[in-house]
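The values are calculated or read from the model by the stated rules, or taken from the named source; none is laboratory data. Here the structure is a predicted model, which means the values were calculated and not measured. Cβ sites come from the backbone with ideal geometry, for glycine too, and all protein chains shown count toward neighbours. Surface accessibility is based on the protein's heavy atoms, side chains included, excluding ligands, DNA and RNA. Shrake-Rupley method; radii C 1.70, N 1.55, O 1.52, S 1.80 Å.
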Amino acid sequence: MRKQSVHTLIGNTPLIEVRYLPLPEGVRIFAKLEYLNPGGSIKDRLGINLIHHALQEKHITANGTIIEPTAGNTGIGLALAAVGTSISICCIIPEGFSQEKVQLIRALGAKVIRTPKEQGIKGAIEYARALSKTISDSYCPMQFENPVNPKTYYETLAPEIWSQLDGKVDIFVAGAGSGGTFTGMARYLKERNESIRTVIVEPEGSILNGGEAGAHQTEGIGMEKIPAFLDLSDIDHIYTVSDKDAFRAVEQLARNEGLLVGSSSGAAFHAAFLEAKSATKGTNIVTIFPDSSDRYLSKGIYKEEEV
Ligand code: PMP
């Protein structure tokens, strides 16, 4: 990888306090603005690590092809990481996920194949596995089961947050798609202090809280299957947040804080606020804003209002 490239801008994102809602005295909510990564999401951290790992472990040569099923942001992260290299990226994205993410992946020089919406991420995973068997010098990192995924967040995101708050973290709240962010963060935090409460957020239509798999508008989070690397004992609580609550939070964060975030950030903030309501004085709650609203404008993330 080139020095002084866009890749050097990945990580070290700001942490901001969100203050527009009245909270119990001495309770604070902080959000890590991961949408300020150069590819616009938390998955830039993963993209570059998956490629480093694939090369290091000799899964591919420097001219190889990475094939990955993704809701889009990991695809952007991989495509961004491959810029300036001879590695080809092919992303398998089910229909239904935002067109903007597909456009960004293609803008970065990578390929996108869409699979049927009804088959969900599972369909994309099967397609990616089958395709990688037909292309020589290709590799499927498979973020949904690759330990590099949680390790990335354990090694980068977690120490950044820890140092930004001088270790004063009481509650951590994060949405889970692959579960990589949550797993890496929870492991790091609990190693430092077992009493730190670590909380997962999922949309309605995700299976973690025992619900039925189903469609939801909140993009990037929600599970169809529990990943092997997710240690269920790390989960102190699970919030299942409706699309309505997630999108309301998205609008309020824009209007009141100037934070232009995607729906998974809205869901995470909604859950962080629920935690805050019953928290005691001196509690610091940290959550993650994984990507921005600008990649969901065509999906009507903000209700259009007459001026
Ligand atoms: N929010 C958005 C917008 C995402 O794209 C993702 C990744 N799919 C997540 C949250 C969840 O991250 P993770 O896969 O680490 O659970």
Within region 42-139, the percent of DSSP beta bridges that are antiparallel, given to the nearest 5, stands at 0
Ordering 291-297, 136-142 by per-residue average of other C-beta atoms within 10 angstrom, highest first, gives 291-297, 136-142
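To the nearest 0.05, how large is the calculated FRET efficiency for ASN209 and SER163 if R₀ is 25 Å and r is the Cβ-Cβ distance?
Efficiency, from the Cβ-Cβ distance: 0.20.
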All alpha-carbon distances of the chain, grouped into 10 Å bins from 0, give the whole-percent distribution 6, 29, 37, 21, 6, 1
Per the rule of 0.36 nm per residue minus the C-alpha distance, extending ALA62 to LYS281 adds in nm 73.5 nm
Output for region 219-293 (equivalent-ellipsoid semi-axes, sqrt of 5λ from the C-alpha gyration tensor, Å, descending) is 22, 18, 11
Of all DSSP beta bridges having both residues in the chain, the percent classed as antiparallel (nearest 5) is 15
FRET efficiency (SER298, THR8; Cβ distance; R0 35 Å; to 0.05) is 0.65
Over the chain, the sum of -39500 (n - 2.57) across DSSP H runs of at least four, divided by residue number and rounded to 500 deg cm²/dmol, gives at 222 nm -11000 deg cm²/dmol
Here the longest stretch of the chain that holds no GluC sites (Glu not before Pro) in a DSSP loop having at most 11 other beta carbon atoms within 10 Å is 58-193
Taking a crude spin-label model, label points 7 Å out from Cα along the C-beta direction, the THR85 to HIS52 distance in nm is 1.1
Heavy-atom accessible area of the chain with neighbours in place, 1.4 angstrom probe: carbon+sulfur share in percent works out to 49
Reduced to Cα centres, the span from region 155-209 to region 255-295 in Å works out to 13
Note on region 42-139: C-alpha Rg/Rh, Kirkwood Rh, two decimals, gives 0.94
Here the gain from full extension of ILE238 to GLU191, 0.36 nm per residue of separation minus their alpha-carbon distance, amounts to 14.9 nm
